[in-house]
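The values are calculated or read from the model by the stated rules, or taken from the named source; none is laboratory data. Keep in mind that this is a model prediction, so the values were computed, not measured. Cβ: placed from backbone, ideal geometry, glycine included. Neighbour counts: every protein chain shown. Heavy atoms of the whole protein, side chains included, go into the accessibility calculation; ligands, DNA and RNA do not. Shrake-Rupley method; radii C 1.70, N 1.55, O 1.52, S 1.80 Å.
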Amino acid sequence: MLQQLRKSAGTWMVKALMLLLVASFATWGIGDYLGGGGEQVVAEVGGQEIPTASFQDEYRQRLAAAQRQFGGRLDADQAKAIGLPEEVLKQQINTILLERVAQQMNLRAPDDVVRALILQDPAFTSQEGEFDRLKFQDFLVRSGLSEDMFVDLLRGEVRGQAIARTVTAGELPAPESLTSAVVDYVGTRRRVAYLIVDKQSVPAPEEPAPSELQAYYNAHPDDYTAPELRSVSWISLSPAGLRDRIEISEETLRAAYEDRQDSLNVPPTRTVRQVAAFDEETARAVSEAVAQGASLEAAAQQAGAAPPVALDPLTRADLADLLGDEVATAAFERSEPGILPAMESPLAWHVVEVTEVKDGSAPSFEAAREQLADTLAQEAAIDRLYTLANEVEDLIAGGARLKEIGETIGLPVQSHDGIDASGRDIDGNPVDPVPGLATLRRELWRMEAGGEPETFENDNAEGFTVVQLDAVSPPRLRSFEEVEDRVRADWTDSRRAELAMQEAEALARDISGGTDMQDVAAGSGLAVSEPAPFTRFGDGARLPWGQPMMEKLFAAPAGEVVTGSIANGSAVVARIEEVLPVERNEAAEQLQARLSERWSDGFRQDLTGAFLEGLAGRVGVTINQQELDRAI
């Protein structure tokens with residue numbers, strides 16, 4: 001229903017203000033709104049049951065809609081993780097609570113209001129703005145609703161909106177001082193000058209002592225811990241992999257040639273250009289101008305018609321679908337290019353020029369042999385694929401391991417020793433453990449070593465992969481000897497960063513002491529950069545530092561010098577040249593208006609949430625968590 005009805009109250013003050021209103025509804029009762037009669041229920045609202053079946057119907061629709069939104073990449077576990085089941089149930093509970101209020105207040109949603117909402121919904125209107133019943137019916141089919149069910153839902157929506165508007169009636173403005181302060185915070189700018197001390201430019205540190213390397217290794221165990229690794233084996237079942245095993249006999253090829261003449265034959269086509277006009281007078285003016293020697297472009301321009309539009313080569317049926325049967329018949333009666341007389345279709349008048357004529361052809365058996373052989377082999381491979389998939393499932397059910405499965409069906413077993421949760425091998429190199437099966441990366445961490453093989457559909461939906469988790473190697477701290485070279489490199493890099501920061505701090509002291517920044521930079525062989533003024537969010541400026549340095553810059557007054565690190569570990573010295581207030585331009589005013597609107601909406605959500613929360617507390621809401629978990 002309303003987005004705001006899905007949110008809980010945000011303030012205790014609002015809850016307290018709503019108690020008197022809620023109290024008046026505490027003893028209401030209505031009939032079996034969602035049914036009962038011994039069914040399993042996921043919740044009760046003041047004695048009214050929400051049957052499991054009702055919840056599941058709504059949940060399936062919401063899950064399907066979410067999957068379409070995410071391109072099909074949302075499974076049931078992910079939906080549960082983001083709280084979709086609770087969201088759906090909360091919406092159903094709120095619907096019952098609002099229905100109680102509506103019945104007590106004798107609220108009605110008049111037929112003409114409901115009818116107008118349906119007729120004016122953009123989802124159900126044509127390009128001309130008229131109600132399109134086909135779109136409406138298509139929506140009902142896709143939603144799994146009858147027309148009566150949809151109308152009932154819409155009536156409830158109308159009543160709910162009326163109650164919500166009543167609860168939040170009146171102005172709820174956000175304080176201007178608050179929105180103005182936020183705009184000032186967001187829009188305040190700094191103009192700075194800075195220089196970078198590259199850690200690679202500082203003198204190389206002395207060779208570390210063995211004890212220093214050991215201490216560094218001990219202080220950074222996470223950097224040298226090998227992650228959990230999983231070894232996997234698989235068998236690929238795909239049409240392409242089975243294609244070479246398929247042999248098509250001469251007899252089968254010839255029979256297919258006879259049976260598939262219609263698909264093998266190349267139909268005749270016409271390539272055309274057309275000028276479309278909304279009235280006969282314009283179309284005939286174009287036609288007469290062409291007859292007198294004008295080009296189709298010139299004729300269209302003289303008659304005030306749209307320029308010609310070229311169409312790709314079309315069969316007779318396709319041309320009839322586009323321009324009508326009369327135009328298609330005339331075009332295909334022509335054996336050479338030329339202009340057709342002006343003709344009318346159900347949508348417009350047309351002046352058509354046939355620019356290319358291609359006759360149909362029927363290939364000989366020899367010419368079609370290769371195409372037929374590929375097509376039949378592909379079809380046979382697909383049939384064999386599903387036969388193999390069923391055979392594999394039977395073998396798995398019988399306790400077969402992957403090696404036995406491969407030997408039985410005659411396909412090779414492939415393997416990869418060691419992949420971590422991020423899809424990298426033990427050396428940190430990215431790997432694709434099973435080509436064409438990206439979902440395995442997630443599924444692999446669900447499987448158990450020694451468990452039975454599992455079959456997954458490939459990402460491209462062209463085949464299956466049978467996967468077996470062979471072994472799990474737990475995380476382990478690599479020995480110092482294994483990673484000594486890495487430790488040495490990391491220690492050296494860290495030490496260079498420290499030396500760069502020490503130099504940067506020394507330069508900062510010189511600048512703060514009054515030495516000109518340009519002179520300081522020149523004395524160290526560095527360059528001073530002066531970017532355009534920027535806000536604390538960067539405004540797209542290519543600044544070398546991250547948020548910690550940005551916070552230092554915006555916490556310091558004009559004239560102060562600050563130091564920090566940049567992404568590669570080098571050091572930066574920056575002086576705040578000027579603190580610039582927010583520019584009170586149109587963009588700032590629009591931002592303040594949006595903030596005010598959002599906070600006003602938030603206040604309304606708090607009020608509505610407090611009303612529903614209080615009403616639920618007085619009426620009584622019980623959720624059967626065990627049944628809810630079972631239902632999804």
Whole-number accessible area per residue in Å² for the chain, which is evaluated in the context of all protein chains at 1.4 Å: 56
Could you list which residues have their amide H under 5 Å from that of Gly463, counting only those 5 or more apart in sequence or on another chain, with H placed in the peptide plane? Asn458
Using each residue's phi in the stretch 244-253, evaluate 6.51 cos²θ - 1.76 cosθ + 1.60 at θ = phi - 60° and report the 3J(HN,Hα) Karplus result to the nearest Hz, with x for Gly and Pro. 5, 8, 9, 10, 9, 6, 4, 4, 5, 4
Restricting to DSSP H runs of at least four residues, report the calculated mean residue ellipticity at 222 nm for the chain, -39500 (n - 2.57) per run over all residues, nearest 500 deg cm²/dmol. -15500 deg cm²/dmol
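For the stretch 557-625, build the convex hull from the C-alpha positions and give me its volume per residue in Å³. Spell out each step's value before the answer.
Working: hull volume 15.7 nm³, N = 69.
Cα-based convex hull of the stretch 557-625, divided per residue, equals 228 Å³.
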For all pairs of alpha-carbon atoms in the stretch 148-238, what percent lies in each bin of width 5 Å, listed from the first bin to the last filled one? 2, 7, 5, 5, 6, 6, 6, 6, 7, 8, 10, 11, 8, 5, 4, 2, 0
For Rg/Rh (Cα atoms, Kirkwood Rh), the listed values are (1) 1.07; (2) 0.97; (3) 1.14; which was obtained by calculation from the structure presented? (1)
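Of the heavy-atom accessible surface of the stretch 40-121 (probe 1.4 angstrom), what whole percent is carbon and sulfur?
Details: 2050 of 4250 Å².
Carbon and sulfur: 48 percent of the exposed surface of the stretch 40-121.
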Carbon + sulfur, % of accessible area of the stretch 205-336 - ligands and nucleic acids excluded, 1.4 Å: 48
Quote the accessible area belonging to Met343 in square angstrom, nearest 10, computed with a 1.4 Å probe and with ligands, DNA and RNA left uncounted. 10
Distance in nm between pseudo-label sites at Ser146 and Glu498 (7 Å out along the Cβ direction from Cα): 7.9
Taking the Cα centroid of the stretch 85-123 and of the stretch 380-444, what is the distance between the two, rounded to the nearest whole Å? 50
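Largest first and in whole Å, give the semi-axes of the stretch 287-424's equivalent ellipsoid, each being the square root of 5 times a Cα gyration tensor eigenvalue.
Over the Cα atoms of the stretch 287-424, the ellipsoid semi-axes are 61, 21, 14 Å.
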Dipole magnitude of the stretch 241-350 about its Cα centre (Cβ charges: Lys, Arg +1; Asp, Glu -1), debye to nearest 20: 280
Cut-off under 5 Å, modelled amide H: who pairs with Arg478 long-range: Thr225, Ala226
Can you find, among Ser364, Gly620, Ala381, the residue farthest towards the positive end of the dipole of the chain? Put +1 on the C-beta of Lys and Arg, -1 on that of Asp and Glu. Gly620
For Lys199, counting only aspartates and glutamates whose alpha-carbon sits under 15 Å away and dropping same-chain residues fewer than eight positions off, the answer is Asp490, Asp493, Glu498, Glu503, Glu505
Where the only charges are on Cβ atoms (+1 Lys, Arg; -1 Asp, Glu), what is the dipole of the stretch 462-511 about its Cα centre, to the nearest 20 debye? 120
Over what distance in Å are the Cα centres of the stretch 289-366 and the stretch 575-612 separated? 59
About the Cα centre of the chain, how large is the charge dipole given +1 on each Lys and Arg Cβ and -1 on each Asp and Glu Cβ? Please answer in debye to the nearest 20. 2340
Going 7 Å from the Cα of Glu583 toward and past its Cβ, which residues in the stretch 153-193 have a backbone nitrogen under 13 Å from where you end up? 187-190
Using each residue's phi in the stretch 77-91, evaluate 6.51 cos²θ - 1.76 cosθ + 1.60 at θ = phi - 60° and report the 3J(HN,Hα) Karplus result to the nearest Hz, with x for Gly and Pro. 5, 5, 4, 5, 5, 8, x, 5, x, 5, 5, 5, 5, 4, 5
So what are the ³J(HN,Hα) numbers for the stretch 370-383, from phi and the Karplus equation (6.51, -1.76, 1.60; θ = phi - 60°), rounded to whole Hz, Gly and Pro as x? 4, 4, 4, 4, 5, 5, 5, 5, 5, 4, 5, 5, 5, 4
Taking the Cα centre of each part, how many Å lie between the stretch 480-505 and the stretch 153-189? 53
